[in-house]
Each structure stands twice: as structure tokens, then as C-alpha cells.
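These notes are about the structure you will find just below.
Nothing in this text is a laboratory measurement; each read-out follows from the coordinates by a stated rule. Just so you know, these numbers come straight off a predicted model, no measurement behind them. We place every Cβ from the backbone using ideal geometry, glycine too, and count neighbours over all the protein chains shown.
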Amino acid sequence: MLSTITTPIFQIIQTPQWLPRVLRRFDNQTALLKDGTAVRLRQICSCDAKLICEIYTNMSANSRFLRFNTHLTDALCTEFAQQTAVQCEESGFGLLAYVLDDSREDGIRPLGFAYYVQHGDQLPEFAMSIVDNCQRLGLGKILLKQLLKRAKKASVTFLEAYVLPQNTGMRMLIQRVGRPFFYGEEGSYETYRIVV
Ligand SMILES: CC(C)(COP(=O)(O)OP(=O)(O)OC[C@H]1O[C@@H](n2cnc3c(N)ncnc32)[C@H](O)[C@@H]1OP(=O)(O)O)[C@@H](O)C(=O)NCCC(=O)NCCS
């Protein structure tokens with residue numbers, strides 16, 4: 001069984017009031033990464049497929065493999081991103097982490113996301129994807145903690161994750177946040193449950 005360690009090391013601060021109204025509507029938090037980057041978090045909606053796809057394309061082949069247990073082509077990235085964005089809105093909840101970037105038309109550069117989705121009467125499953133150059137900066141921890149808070153509000157009692165045994169990053173993250181326990185094995189995956 002995994003140990004249950006909770007270490008709240010990131011300060012969550014309120015979104016500044018000067019943000020445009022359209023952004024404030026979705027945006028509720030800003031968090032600092034270990035390198036000082038101020039990351040914003042907002043809820044994912046079905047129109048976010050392009051941003052999710054960009055996250056996948058900015059993950060290395062290894063990171064994508066750890067996430068999907070397959071070598072993801074660009075076409076699959078697009079397809080999975082579309083499915084995920086719709087699932088977040090219709091049967092779960094997702095959080096997008098991004099920074100503002102004036103050089104882009106949409107003004108947003110996505111860094112990662114976390115979501116959970118409920119399939120029928122099964123336990124809600126969660127997964128996370130963070131672009132390679134933002135990994136190990138604390139973003140996974142921030143996203144997972146916020147996802148758990150949201151799940152609690154929605155009266156979810158457990159979240160479940162399917163993790164490849166070689167995915168040290170995800171296993172460490174799950175140990176550091178929440179109250180996890182190893183549930184079992186399913187195919188190539190280990191199943192972890194977190195008490196919300
Ligand atoms: C797994 C993943 C979500 C972790 O997010 P992250 O932002 O890199 O994790 P954090 O920086 O918040 O780290 C959380 C803890 O895990 C540890 N950790 C993270 N990656 C690690 C690694 N590769 N090896 C050892 N420890 C690691 C960190 O040191 C930290 O521990 P600490 O609290 O003692 O400092 C991210 O690396 C990722 O997107 N990986 C590729 C896709 C994937 O595997 N998704 C999960 C499948 S469901």
C-alpha cells in the first residue's frame with residue numbers, strides 16, 4: 001500500500017481583477033510553479049480540443065507512451081483530444097493549465113491538463129498530461145489537488161487511475177497527493193484509487 005503524504009507547498013492566489021471578463025468567467029486561480037512561472041487554471045470545455053491536442057504534440061514520444069500505452073500519431077492526437085474535450089464537458093470535469101501569451105492569436109499557451117470522466121456506473125477515472133518542458137515543476141501536484149477539490153464538490157468519493165508500472169512520475173505524484181491505495185492490475189496497467 002502507498003503511504004499517504006499531503007504536502008501543500010504551492011500558494012494559490014486569486015486571479016487579478018484586470019483580466020478580461022471573458023477570461024475571468026472560466027479562470028479562477030493562478031499558481032506558481034517551482035521555476036516561478038505563474039500558471040492559470042480554468043475549466044475545460046468541449047471547444048478546447050485544439051489546446052488539448054497542442055499539449056499532446058508538445059509531449060515527447062515517451063511521455064505520450066506513458067499516458068496512452070501506445071505510440072500516438074498526430075492523427076490520433078487530434079482524435080483523442082476531441083474525445084477528451086467532449087468527455088470533460090459531458091461526463092466529467094477537466095482543468096486546463098496555461099500561461100498568457102500575447103504573441104498568439106488566442107492569447108493562451110497550454111501547459112497541461114487533468115480530468116476525470118465517468119463511464120457508466122464505474123468509478124470516475126482520472127488522467128493527466130503535461131508538456132515535457134513543464135514536467136517536474138509541481139504542475140502535476142497543483143492540477144491533481146484542484147481536481148480532487150472539484151471531485152469532492154461533485155460528491156465523488158474515489159478517483160481511479162490506470163498507470164503503467166514504469167511510470168515513476170505518475171506513481172510519485174499519486175503518492176504525494178491525496179489518500180491513494182493500490183487497487184490491482186488490469187492488463188499492462190496498475191490501478192490506483194484515491195480517496196477524494
Ligand atoms: C506524470 C506527470 C503528470 C507528473 O506531473 P509533474 O508536473 O511532472 O509532477 P510534479 O512536478 O507535480 O511532481 C510530483 C511529485 O512526483 C515527483 N516526480 C515527478 N516526476 C518524477 C519522475 N519522473 N521520477 C521521480 N519522481 C518524480 C516529483 O519530484 C514530486 O515529488 P515531491 O513532491 O517530492 O517534489 C507528468 O510527468 C506527465 O504528464 N507525464 C507524461 C504523461 C503521463 O504519464 N500521464 C499520466 C498517465 S495517467
Estimated vicinal HN-Hα couplings, Hz - region 172-184 in sequence order (Karplus 6.51, -1.76, 1.60; Gly, Pro = x): 5, 4, 4, 5, 7, 10, x, 10, x, 8, 6, 9, x
Backbone N within region 152-196 under 16 Å of label point (7 Å from ASN69 Cα along the Cβ vector): 160-168, 170-171, 183-193
Region 12-148 - convex hull of alpha carbons, volume per residue in Å³: 119 Å³
Rounded to whole Hz, the Karplus (6.51, -1.76, 1.60) HN-Hα couplings of region 144-152, x for glycine and proline: 5, 4, 5, 5, 5, 4, 5, 4, 4
Over the chain: helical MRE at 222 nm, DSSP H runs n ≥ 4 each giving -39500 (n - 2.57), nearest 500: -10000 deg cm²/dmol
Extension gain from GLU79 to LEU100, taking 0.36 nm per residue of separation minus the Cα-Cα distance: 5.0 nm
Point-to-point label distance, GLU89-THR157, nm (Cα→Cβ direction, 7 Å offset): 3.2 nm
